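The values are calculated or read from the model by the stated rules, or taken from the named source; none is laboratory data. All values reported here derive from a predicted model rather than from experimental measurement. Note that each Cβ is placed from the backbone with ideal geometry, even for glycine, and that neighbours are counted across all protein chains shown.
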Amino acid sequence: MEKTGKKAALADAVNLLAQAEEALIISHVAPDGDTLGSALALAWVLETRGTAVTCFCEEEAPANLRFLPGIERIVHVLPSEPPRLVVFADCAEARRAGPQLRPETLRQTTTVNIDHHVSNSLYADWNYVDTKAAATGELVYGILRRLGPVKDERVALCLYTAIVTDTGRFSFSGTTARSLRVAAALRPYVDVAALNEMIYERRPLAQGRLLERALARLTFPAGGKIALVALSLADYAAAGAELNMSEGVINYIRAFQGVEAAVLLKEAESGLVRVSMRSNGAADVNRVAGRFGGGGHKRAAGCVCRRDLRAATEEVLKALKEEMDSGRDD
Ligand SMILES: [Mn+2]
């Protein structure tokens, strides 16, 4: 089947999902609360309606998200015969599913892309992409709401987590009245204090040791307009930390006075560096990430550099400085 790359409306997404006898729901690599919460919320509701659902995420969930109801059902090996309907949750591109998913795998399937990234390439047959949503979880809520009241505590917990994490606890600029309205509708079914504690207040000690190393490496180039940390494999090993334990570092270092953009470089393996960027305002980090084949949002984006850590740091820093300078000319 040719992929048509159609823009889909909410009604299209609802119809496709409501009619599916079987579905594969895909979360992106380096999974976060939005991709996992959105996928699992969809899974719970579709399954209740009689759809046979498989959830796939190539990588393990971070420890602080393993409380999500249904997390144990996520498989890490792609089924050899994918179901007729394949749903991407929060994936800006199909390759965000990870290397197991090959384009030919999807030839016999109908694909649906539910997402909110500005860098979304409309890669599916049906693309329900709304870049005004602060989280894919908001869009999933809209879909599920059309199928009935959203009152199941498991579903509510998954969607609330998706929105809380992607909005930075309702603080990032993308947080809209809709984000808050969806959260308000879910609120009666969620113990928000318990949820907050599970996501944010049970950090492993190794994460503290990693933070210590991150702060020791923190620099403020571009006259203090950039906050930058590069963590090597040796840093993770010395802290006894996993790669995803540095997630909080970027939001910490962006918050210093005068900092306009923050960069965190993580050496995932020798010669492969994962880069996260945040902008506090004018700089469009989606554009910077795009120069390295990545993407995301204007104020939060990421990419992968196949370089050593030093070269990746220099190149990303240069590109970010250029973006910040060009922004001033506009
Ligand atoms: Mn998201």
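For segment 16-50, name all the residues that are at positive phi and loosely packed, with under 14 Cβ neighbours inside 10 Å. 50 - this is the single residue of segment 16-50 that is at positive phi and loosely packed, with under 14 Cβ neighbours inside 10 Å. Would you please name the residue that is surrounded by the fewest Cβ atoms within 10 Å (Cβ to Cβ), looking only at residues in segment 72-93 that are more than 16 Å from the ligand (Cβ to nearest atom) and either within 21 Å of residue 13 (Cα to Cα) or within 15 Å of the chain's Cα centre (by Cα) (or both)? The residue in question is 84. Looking at the structure I just gave you, is residue 282 small (Gly, Ala, Ser) and in a helix (DSSP H, G or I)? No; evaluated as a whole, the condition is false for this residue. In segment 189-211, the residues that are outside the structural domain of residue 247 (by TED's automatic domain parsing) form Cβ pairs under 7 Å with partners that are surrounded by fewer than 12 Cβ atoms within 10 Å (Cβ to Cβ), at six or more places apart or across chains, as follows: 189/151. On the given criteria, is residue 35 out of contact with any Gly (no Cβ under 7 Å at 6 or more places or on another chain), under 13 Å from residue 114 (Cα atoms) and at pLDDT 95 or above? Considered against the rule, which asks whether it is out of contact with any Gly (no Cβ under 7 Å at 6 or more places or on another chain), under 13 Å from residue 114 (Cα atoms) and at pLDDT 95 or above, residue 35 comes out as yes. The selection criterion, being in contact with a strand residue (DSSP E or B) (Cβ under 9 Å, 6 or more places away or on another chain) and touching a residue at least 60 places away in the same chain (Cβ under 8 Å), does not hold for residue 234.
Among the residues of this structure, residue 292 does not count as one that is farther than 19 Å from residue 30 by Cβ and assigned to a loop (DSSP other than H, G, I, E, B).
Only residues that are over 14 Å from the mean Cα position of the chain (by Cα), within 16 Å of the ligand (Cβ to nearest atom) and among the charged types (D, E, K, R) were counted across segment 16-46, and they come to 0.
For every residue, the table says whether it meets (1) within 20 Å of the chain's Cα centre (by Cα); (2) over 20 Å from residue 274 (Cβ atoms).
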{"site": "178", "(1), (2)": "yes, yes"}
{"site": "192", "(1), (2)": "no, yes"}
{"site": "218", "(1), (2)": "no, no"}
{"site": "225", "(1), (2)": "no, yes"}
{"site": "236", "(1), (2)": "no, no"}
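With a requirement of 2 or more residues that are over 30 Å from residue 260 (Cα atoms) and away from the ligand (no atom under 15 Å from the Cβ), the helices (runs of 4 or more DSSP H) lying completely within segment 130-221 that satisfy it span 136-147, 153-166, 177-186, 192-200.
Flag set for residue 13, criterion: at pLDDT below 95, closer than 18 Å to residue 124 by Cα and surrounded by 20 or more Cβ atoms within 10 Å (Cβ to Cβ). Within segment 172-199, track down each residue that is of a type in the set (Ser, Thr, Tyr) and at pLDDT 95 or above. Those that are of a type in the set (Ser, Thr, Tyr) and at pLDDT 95 or above: 175, 176, 179, 189. Across segment 120-178, the number of residues qualifying as without any contact (Cβ under 8 Å) to a residue 24 or more places away in the chain and buried (at least 22 other Cβ atoms within 10 Å of the Cβ) comes to 0. The set of residues in segment 279-325 being surrounded by fewer than 18 Cβ atoms within 10 Å (Cβ to Cβ), of a type in the set (Asp, Glu), modelled with pLDDT of 95 or more and farther than 20 Å from residue 249 by Cα consists of 308, 315, 322.
The one condition from (1) closer than 22 Å to residue 169 by Cα; (2) more than 22 Å from the chain's Cα centre (by Cα) that residue 49 does not meet is (1).
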